[in-house]
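Down below is the structure, laid out as structure tokens.
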Amino acid sequence: MPEVSNSEAGDGGAAGRAERAAQRRALASRYALLPLRLFLGVTFVYAALDKLSDAHYLAGAGDPASFVSQTQAAKAGGSPIAFLLGPALDAPTLFALAIAFGELAVGLGTLLGLWGRVAALGGALINLSLWLTVSWNVSPYYLGNDLGYLMAWTPLLLAGTPYLSVDGYLARRAGRDRERGLTEDHVRRRTLMDGGIAAVAIGGAGLLSGSLTRTFGRNRTAAPKQSAAPDPVAAPAPAVAAASVPVGGSAQVKDPATGDAVYIVQPKAGQYCAFSSVCTHSGCAVDAPRNGQLYCPCHGSRFDAATGAVVNGPAVKPLPRYGVTKDGDQLTLGPLQS
Ligand code: FES
């Protein structure tokens, strides 16, 4: 029996470790897109069901959170695809439902890996259209969610969903069929037909779940972050010089109870009011007032700088309002009023 020297045994051990490391790297590369796929799939299913269960989404133009109001606002706000929004405003219910069910189909297709590139293309087109409309005025651009989602679809668009997926199963079965000597035409037809059957089945399940969500959905509105009234004993009320609040502009102070930023604004000469900077949609910080409105960079809600009322959704509740008192050249933040 030949003897194995220590150095040979060491080389063998090192080679084994290198091979195992290479296998781990190959496995990691193979499944590298899985977390992204899961995230996008779950998010799109969630977004679709969220829309379908929200009574505001299909409400008319009087509701600032409705599809109609947001589309009108995008058109008026200089969207580069404003010319395409006319048909959507002619048949808003149809378009609103098409977007929600489109998101559902994209989400399910991505999660299950069925026609993965088609689903990724659909997701990218939805996010492209949202970026060019709802998120178009977000500044700086990187605060807009839709551009980020658009970029996130790109790897799936390029790579498809070949692993842990219906696509992967169909591809493996097609390989076996070729080995059995079936013609390429036969293999393609079988793959396409079974993919189509799976798509119809999943589409039907999505349609059913979406319709049930729409029927039994609750009239949800986001709860604004509750702010307690400032405690006049514990902390002095914040104050600023009136000269630091120009007409149409603002000065920022902090609610001493919560630490939230509050804008003291002067919408008209001599008229002072104050609003929380916490957006009532999902809690992002709204920008300082511009052109008579406070703008939320997260999803495009706009609020009237004189009243705090919603000008454009998806927020449905006004910004919480504080009292302001003027004493000489001093503006002092009062208690939370609403
Ligand atoms: Fe969504 Fe403000 S957090 S619009």
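Restricting attention to segment 212-267, the residues that are of a type outside the set (A, V, I, L, M), assigned to a loop (DSSP other than H, G, I, E, B) and modelled with pLDDT under 70 total 12. Figure legend. Inter-residue proximity from segment 291-309: first residues modelled with pLDDT of 85 or more, second residues acidic (Asp, Glu) and surrounded by 20 or more Cβ atoms within 10 Å (Cβ to Cβ), beta-carbon distance below 8 Å, spacing 6+ or different chains. No pairs are indicated.
Per this entry, Gly323 is counted among residues that are touching a residue at least 40 places away in the same chain (Cβ under 8 Å), in a strand (DSSP E or B) and either touching a Cys at 6+ places or on another chain (Cβ under 7 Å) or under 23 Å from Pro238 (Cβ atoms) (or both). Taken together, the criteria exclude Val134 from residues that are touching a Leu at 6+ places or on another chain (Cβ under 9 Å) and either in a loop (DSSP other than H, G, I, E, B) or modelled with pLDDT under 90 (or both).
All conditions but one from (1) away from the ligand (no atom under 16 Å from the Cβ); (2) within 20 Å of Gln70 (Cα to Cα) apply to Val265; the one that does not is (2). If the condition is being of a type in the set (S, T, N, Q) and surrounded by 22 or more Cβ atoms within 10 Å (Cβ to Cβ), then segment 106-132 contributes Thr110, Asn127. Selection within segment 268-298: residues that are in a strand (DSSP E or B) and of a type in the set (D, E, K, R). The member of this set that is farthest from the ligand (Cβ to nearest atom) is Lys268. Filtering segment 55-72 to residues that are out of contact with any Phe, Trp or Tyr (no Cβ under 7 Å at 6 or more places or on another chain) and modelled with pLDDT of 75 or more leaves Ala55, His56, Ala59, Val68, Ser69, Gln70, Thr71, Gln72.
Yes or no: segment 239-252 includes at least one residue that is within 16 Å of the ligand (Cβ to nearest atom) and either touching a strand residue (DSSP E or B) at 6+ places or on another chain (Cβ under 9 Å) or not hydroxyl-bearing (Ser, Thr, Tyr) (or both). The answer is no; no qualifying residue exists. With respect to (1) surrounded by fewer than 17 Cβ atoms within 10 Å (Cβ to Cβ); (2) within 14 Å of the chain's Cα centre (by Cα); (3) acidic (Asp, Glu), the lone exception for Glu103 is condition (1). Pairs meeting the criteria (first residue in segment 99-126 and closer than 15 Å to Tyr46 by Cα, second residue outside any helix (DSSP H, G or I) and not hydroxyl-bearing (Ser, Thr, Tyr), beta carbons under 8 Å, at least 6 apart or on different chains) are Leu108/Leu114; Gly109/Trp115.
Among the residues of segment 299-332, those that are within 14 Å of the ligand (Cβ to nearest atom) and among the basic types (Lys, Arg) comprise Arg302, Lys317. Within segment 66-85, track down each residue that is farther than 21 Å from His56 by Cα and assigned to a helix (DSSP H, G or I). Of everything in segment 66-85, those that are farther than 21 Å from His56 by Cα and assigned to a helix (DSSP H, G or I) turn out to be Ala82, Phe83, Leu84. The residue of segment 133-169 that is surrounded by the fewest Cβ atoms within 10 Å (Cβ to Cβ), among those that are within 14 Å of Val106 (Cβ to Cβ) and of a type in the set (Ser, Thr, Tyr), is Tyr149.
The values are calculated or read from the model by the stated rules, or taken from the named source; none is laboratory data. All of these numbers come straight from a predicted model, not from anything done at the bench. Cβ: placed from backbone, ideal geometry, glycine included. Neighbour counts: every protein chain shown.
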